[in-house]
Structures are given as C-alpha cells and as structure tokens.
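Accompanying notes for the structure given below.
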Amino acid sequence: MTSHAAETPAPEGHPFLWLLLLAGGTLVAALLGAAHRLGLFHRLAHKVDKTSVRHGGEKVAAVLRAHGVRLVFTLVGGHISPLLVACEKLGIRVVDTRHEVTAVFAADAVARLTGTVGVAAVTAGPGLTNTVTAVKNAQVAQSPVLLLGGAASTLLQKRGALQAIDQMSLFRPLCKFCASVRRVRDIVPTLRAAIAAAQSGTPGPVFVELPLDVLYPYHMVEKEMVPAKLPKGLVGRVVVWYLQNCLANLFVGAWEPQPEGPLPLDIPQASLQQVQRCVEILSRAKRPLVLLGSQALLPPVHADKLRAAMESLGVPCFLGGMARGLLGRNHPLHIRQNRGAALKKADVVILAGAVCDFRLSYGRVLSRKSKIIVVNRNRHDMLLNSDIFWKPQEAVQGDVGSFMLKLAEGLRGQTWAPDWAEELREADRQKEQTFREKAAVQVAQHLNPVRVLQRVEETLPDNALLVVDGGDFVATAAYLVQPRGPLRWLDPGAFGTLGVGAGFALGAKLCRPDAEVWCLFGDGAFGYSLIEFDTFIRHKIPVMALVGNDAGWTQISREQVPRLGSNVACGLAYTDYHKAAMGLGAKGFMLSRDNEDQVVKVLRDGQQQCQEGHPVVVNILIGRTDFRDGSISV
C-alpha cells in the first residue's frame, strides 16, 4: 500500500457519523444494538474472506486475459501496482513508457491494428491528466481504447488525498463509457461492459476508475482503513462499526465465480432495402467514385475480403486514414492525386466512412450534380454539414465494410466505362511527373525533401508498417510514399495530433513483430518522442525513425510568414537528434548535403541495424521547397 493511502479518516469527516453523534448517545446505542440483533456484523463477516491474500488486480487481469488482451501499456504508480503485477503473472506483457500519453498512443495503435481493444493503465491524478490528449485523439479517430485509471481510496475521495481529483468529470466528455468501481465484485462486470462499449457501434475510448482500496488485498486495506487506536467508549464503537461496514461492503462477495469473457457487440448493419437502393443508384452511374475511410477496416470484415470486394466492384477509389494501403502499391483502381477535381467530375460518389469535415472542405468539394451515397456507423458524422454544402441521395447508418461487401455482391458483373478510370490515372501520372520535376530542383540548403522521400519510397521494404508523425515533412510523404498493404499506415487521424509517433511505433512493433516499423517524423514532432527511445532500448523494440529536420515548424511558418510577416515561435535548430538517440542507446545516422549521394546506402545501413534488433534514428537535414505552397494548417 502506498504511503499516501495510509491516512486515517477521522470520524468527524463522515456525514453519517456526524448524524449519529448529533442524535445523541441513546440513539447510537439503539442503532448498534439493532445491528447486532439483526446479525448485520455476522452476515458481513460470513461473506468476506478476511484471510485471503487475493486482490482486485487479479480480477482485472483475468478479464483482460479472457478478452484476448496480450499487452498493457503503462507508466507505473502505486495506485495501480496490483493490476500490473497480476497481468505479469497471467502472461500479459506489461510495457512501461516514459510518459503516460505514449502508453495510450501505443494502446491506440494496438486497437487499430488488431481490431480489438487496446489497453493502457495509469496512476491517479497527473497520471490520468497526462493522457487527455491521447484519449481525445482516440475518440476522434474512433479507436477502441480501454483506459484503466487508479484513484484515491473510496473513503479518502473529496478529503484532500494525494492526487485525488474528480477524474470522472474529466473523462466523461472524452469517452463512450465511464465508470468508477466501488466494490471488488463489481470489477469484472464493469470491465466487461466497458470493453463491449468500446467496440460496439462507433468504436471509441472508455474509462474505468479503480480506487486503490478495490485493488489491494483485504488485510492491507483493513490496516489502512481501520486504525489501531480509536477513541474509547461510544464514539470508538461507532467509528469501528462504520469503518467495518465500509470495509465489508468493499469485499463482500469478492471472490465468487463470475463470467469473465466478452459480451456480444452491437454493430449496426445496413438494411437490405438500403443496400438495394444504393445498388440501383450505382448501376446507373457513368463516372462512379468511392472514398474509403478508416471505418472500412473495422471488424467484422477482414481487410482481404474488403479488398476482394473493391476489386469486384471495379470502381476507382481514394483511400484515407486506416484504409490507406488496402489495395497495395500501384493498383489500377487506387487513385492517389487530384481528388478535388475527380469529385467534381463524378456522377455518383460513395463516402464509405469518409466524413465531410475539413478534409473534404466541409462538403464543398462535392458537386451538387453528383448523387452522394454516404455510409457510416455514426449518424452525426454521416450527416455532418449535409444540407449546407452537400446533400446525400442515400444515407446509410451501418458498418462500412459489411455494406461494401453487400454492394459488390449486388453489382456483380457490372462494368464501368474504362475511359473514366483511365482519365483519373492519367491525371495521377501528370501529377507524379511534377513531383519528379520538383525532386530534381536543388534547394538552397541541405537536401531536397521531395528527392529524399522518393528514395525512401524506393527503399521501403514490402513488409514495412509506416508510422507518420509531423507536419510539412509528413504531409509531403503522404503524396510520395505508398503503404505496402492494408493496416500498414498509422497517422494521428482527424485530430491532427503531434507526438503520436513513439507510442504508435511501440504498439505497432509489438502487434506485428515480423513487420519493419518505419517512422516518418518532422523535427518538431520528434521532440515529443525522443525520450521513448529509452523505452525501445529497455524493451528491445527495433524501429526505424527518419527525421525530416528543417529546423522549424514549417507547416506553420509557410503560412505565418507571408500572411503575418513574422516567423515568431516557428524556428528550431538543426539539432543532432541522432546523437541524442545514441545517448539513449539507439543507433544514429545523419544525412546531409555532405553525403547526398549515399541516401539509399544510409537508409539500408539503418535498416540493417534495425533488423539486428537496434532502434535507429536517421537525422535528415532538409531544406525548404514550394512543394506544398498554398496548403493550410488550420
């Protein structure tokens, strides 16, 4: 038991005791006598095993194991020690990070890549507040993350205990499900309900608060809760009666058998009538287009089945979010460039998990002449900005992957005019030619980032899993570097969070040990992740980090300077990030104009070190280009 939990609650702090004492000694005596006559003490004592050394952490671990959880990410704290120890004993790997936000980002990556819940456990107070950004990112990205949070003992809450804050109010706006466990026997049903909620409907994060006294063994809690010395006489008897009842209530029925496995999930499905109407709309199209978003990769549909359905459907498509890489490299149906122009020409557009937020200019990028079919698990997202800038012909609330399979089945044998897909592919080829021309331009200082990223694209292995974390450098990479397959691209999502890189890489490598995890960082974003190379070293996690180092927050400065005439707060330094990583035990390399002809060699040398088990940082000094002029960052 941690020392800050050893405070003894004074009787006068409890309103219930105050009422008893104010009522007078006769009433107190009568109540105590009635309790004895009714056998209250006897019944509670009979149900509570005071000799057991078991603790609530074991119940947490048992539920996680029953749900197939293999990894728990954490930053250790006394409030949660029992559940971490129990997880270790049950063979669940506990991976500790250097910042709580990294633990939740890692759990987010696990959730996205496995289709199951990702789990992070952090201590009370600042341990939990440190996770807020990552939890919000998971909410926006619709990732099923289970956050387990420690808390002060139930009797000490709202009494000024160490790290005791109103955690529930903090997380209710961020999570689909929030619960505070008040009895040991409630741990199992609460966790089962939370995990089911995380994965049902529109997936998202859930939070379960576990006060210190529901996690530790009875004898430890009793020692802290019931002090050795109490006032004598009537007051002492009242205090003992109250505290013993609180203690009994915590542990009553704690070790009775309970089902621990998964509850049924509620996954919305499109009706047959809706699917048939969409089949009819699409069958009359001449220039159809599909925008596939992250929801398409959610269970229950496997990525291979979805890919086969998209190929059977034969409609040109743009892939975003977790759907990137679904069709592999250079697939004839995958259109990568000029999305805005293509949408204006399409006569039928299927927004399959794609949302009309800032990424689609709030719907303004859609043509009012197009028939729009939108399918999404979330009704709010499905209709966002509709009837303002766009209007759906058919709005389907249901699982995206399942809908696409049914749509492809309904249109089996349907063919589309080949000149439509070829027109889109030709626009791609023209755009990529401009990329090659920009790559050939010598920049004023250091390396041309377009040319560097083209070399990365040529070097990236087929089993690579890409993690991207940054602004300008990463946005440039999105045009030039192709994911090698489905579920092989991890970006923050619509929240646009910087700092996800180390956590995503950690979760990705542990989920996919056979994959080579390559991380593309901007130098600004890399500052959040640098210390986690200590985590990679300690846990033997080999990842390959490429840092596009242009000594600034370039995505901001490329607008701020021309619009407002100042580069204030946008400047960084050409820091030796590779040396800093080497100080933590990683392997470091640098690319600059001095070894410009060795870009591919250095990348392959780093890859070799990574394959031998070492985390690697390649610090790439890059200059400024006009590649993304006109882009916006707000």
Quiz item: What is the one condition in (1) surrounded by 13 or more Cβ atoms within 10 Å (Cβ to Cβ); (2) of a type in the set (Val, Ile, Thr); (3) in a helix (DSSP H, G or I) that Val600 does not satisfy?
Solution: (1)
Practice problem: Taking the options Ala421, Ala427, Ala408, Ala417, name whichever one is over 29 Å from Asp381 (Cβ atoms) and touching a residue at least 24 places away in the same chain (Cβ under 8 Å). | Solution: Ala417
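Quick grid of which residues meet (1) surrounded by fewer than 21 Cβ atoms within 10 Å (Cβ to Cβ); (2) of a type outside the set (Phe, Trp, Tyr); (3) in the same structural domain as Ala323 (by TED's automatic domain parsing); (4) modelled with pLDDT under 95:
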position	(1), (2), (3), (4)
Ala346	no, yes, yes, no
Val355	no, yes, yes, no
Arg377	no, yes, yes, no
Leu383	yes, yes, yes, no
Lys391	yes, yes, yes, no
Val400	no, yes, yes, no
Leu407	no, yes, yes, no
Arg412	yes, yes, yes, yes
Quiz item: Taking into account only those residues within segment 437-450 that are in contact (Cβ under 8 Å) with a residue 60 or more places away in the chain and in a helix (DSSP H, G or I), which is farthest from the chain's Cα centre (by Cα)?
Solution: Lys438
Practice problem: Determine whether segment 53-65 contains at least one residue that is over 27 Å from Ala161 (Cβ atoms), at pLDDT 75 or above and either in contact with an Asp or Glu (Cβ under 7 Å, 6 or more places away or on another chain) or not aliphatic (A, V, I, L, M) (or both). | Solution: yes
Quiz item: Which number in (1) crowded, with 17+ Cβ neighbours inside 10 Å; (2) touching a residue at least 12 places away in the same chain (Cβ under 8 Å) marks the one condition that Gln560 misses?
Solution: (2)
Self-check item: Conditions (1) loosely packed, with under 15 Cβ neighbours inside 10 Å; (2) within 30 Å of the chain's Cα centre (by Cα); (3) of a type outside the set (D, E, K, R); number of the one not met by Pro418
Solution: (2)
Quiz item: What's the number of the condition Ala248 fails, among (1) in contact with a His (Cβ under 7 Å, 6 or more places away or on another chain); (2) modelled with pLDDT of 85 or more; (3) over 28 Å from Leu263 (Cα atoms)?
Solution: (1)
Quiz item: In the set Val85, Val94, Val69, which member is assigned to a helix (DSSP H, G or I) and either at pLDDT 95 or above or in the same structural domain as Ile531 (by TED's automatic domain parsing) (or both)?
Solution: Val85
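Against the definition (among the polar types (S, T, N, Q), under 29 Å from Val140 (Cβ atoms), in the same structural domain as Val85 (by TED's automatic domain parsing) and not in a helix (DSSP H, G or I)), how does Thr202 come out, yes or no? Before the answer, list the steps.
On the way: among the polar types (S, T, N, Q): yes; under 29 Å from Val140 (Cβ atoms): yes; in the same structural domain as Val85 (by TED's automatic domain parsing): yes; not in a helix (DSSP H, G or I): yes.
When the stated conditions are applied, Thr202 passes them.
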Quiz item: Which of the residues that make up segment 295-307 are in contact (Cβ under 8 Å) with a residue 40 or more places away in the chain and out of contact with any Ser or Thr (no Cβ under 9 Å at 6 or more places or on another chain)?
Solution: Ala296, Leu297, Leu298, Ala303, Asp304, Lys305, Leu306, Arg307
Exercise. Name the single residue, out of those in segment 205-258 being of a type in the set (Val, Ile, Thr) and over 30 Å from Val104 (Cβ atoms), that is nearest to the chain's Cα centre (by Cα).
Key: Val252
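Considering each of Glu532, Glu559, Glu516 in turn, give the residue that is under 22 Å from Leu453 (Cβ atoms), at pLDDT 95 or above and acidic (Asp, Glu). Walk me through it before giving the result.
Values: Glu532 fails: under 22 Å from Leu453 (Cβ atoms); Glu559 fails: at pLDDT 95 or above.
Glu516 is the lone residue from the list that is under 22 Å from Leu453 (Cβ atoms), at pLDDT 95 or above and acidic (Asp, Glu).
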Practice problem: Name the single residue, out of those in segment 517-539 being within 22 Å of the chain's Cα centre (by Cα) and surrounded by fewer than 19 Cβ atoms within 10 Å (Cβ to Cβ), that is farthest from Gly496 (Cα to Cα). | Solution: His539
Quiz item: Can you tell me how many residues in segment 465-484 are surrounded by fewer than 23 Cβ atoms within 10 Å (Cβ to Cβ) and either in a strand (DSSP E or B) or assigned by TED's automatic domain parsing to the domain that holds Phe105 (or both)?
Solution: 0
Quiz item: Among the numbered criteria (1) out of contact with any Asp or Glu (no Cβ under 7 Å at 6 or more places or on another chain); (2) closer than 30 Å to Val481 by Cβ, which single criterion is violated by Lys406?
Solution: (2)
Exercise. Can you work out which of the residues in segment 126-159 that are part of a loop (DSSP other than H, G, I, E, B) and modelled with pLDDT under 95 is surrounded by the fewest Cβ atoms within 10 Å (Cβ to Cβ)?
Key: Lys158
Quiz item: Among the residues of segment 588-627, which ones are farther than 20 Å from Trp553 by Cα and in contact with a Gly (Cβ under 7 Å, 6 or more places away or on another chain)?
Solution: Phe589, Val616
Quiz item: So, in segment 506-516, of the ones that are closer than 18 Å to Val119 by Cα and in contact with a helix residue (DSSP H, G or I) (Cβ under 8 Å, 6 or more places away or on another chain), which residue ends up surrounded by the fewest Cβ atoms within 10 Å (Cβ to Cβ)?
Solution: Arg512
Quiz item: Given (1) in contact with a Leu (Cβ under 7 Å, 6 or more places away or on another chain); (2) in contact (Cβ under 8 Å) with a residue 24 or more places away in the chain; (3) not assigned by TED's automatic domain parsing to the domain that holds Leu83, where does Pro227 come up short, assuming only one miss?
Solution: (1)
Practice problem: Would you check which residues across segment 205-235 are among the aliphatic types (A, V, I, L, M), over 28 Å from Ser143 (Cα atoms) and outside any helix (DSSP H, G or I) and list them? | Solution: Val226, Ala228, Leu230
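Do you know which of the residues in segment 381-404 that are in contact with a strand residue (DSSP E or B) (Cβ under 8 Å, 6 or more places away or on another chain) and of a type in the set (Val, Ile, Thr) is farthest from Gln276 (Cα to Cα)?
From segment 381-404, those in contact with a strand residue (DSSP E or B) (Cβ under 8 Å, 6 or more places away or on another chain) are 382-383, 386, 390-398, 400, 403-404; that's our starting set.
From the residues that got through so far, the ones that are of a type in the set (Val, Ile, Thr) too are 396, 400.
Details: Val396: 11, Val400: 15 Å.
Filtering segment 381-404 for residues that are in contact with a strand residue (DSSP E or B) (Cβ under 8 Å, 6 or more places away or on another chain) and of a type in the set (Val, Ile, Thr), the one farthest from Gln276 (Cα to Cα) comes out as Val400.
Among what's in segment 263-298 and is farther than 17 Å from His334 by Cβ and β-branched (Val, Ile, Thr), pick the residue that is surrounded by the most Cβ atoms within 10 Å (Cβ to Cβ).
Step one: list which residues in segment 263-298 are farther than 17 Å from His334 by Cβ, which gives 263-286, 295, 298.
This time we only want the ones that are β-branched (Val, Ile, Thr), so: 267, 275, 279, 281.
Working: Ile267: 16, Val275: 22, Val279: 16, Ile281: 18.
Result: Val275.
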Quiz prompt | Lone unmet requirement of (1) touching a Cys at 6+ places or on another chain (Cβ under 9 Å); (2) farther than 17 Å from Gly501 by Cβ for Gly91 | solution = (1)
Practice problem: Please determine, by comparing only the residues of segment 163-195 that are more than 20 Å from Ala106 (Cα to Cα) and among the small types (Gly, Ala, Ser), which one is surrounded by the fewest Cβ atoms within 10 Å (Cβ to Cβ). | Solution: Ser169
Quiz prompt | Evaluation of Lys158 against (1) basic (Lys, Arg); (2) farther than 30 Å from Asp49 by Cα; (3) over 20 Å from the mean Cα position of the chain (by Cα) (one fails), failing number | solution = (2)
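The values are calculated or read from the model by the stated rules, or taken from the named source; none is laboratory data. The structure displayed is predicted, hence computed values, not measured ones. Every residue, glycine as well, gets a Cβ built from its backbone with ideal geometry; the counts of neighbours run over all protein chains shown.
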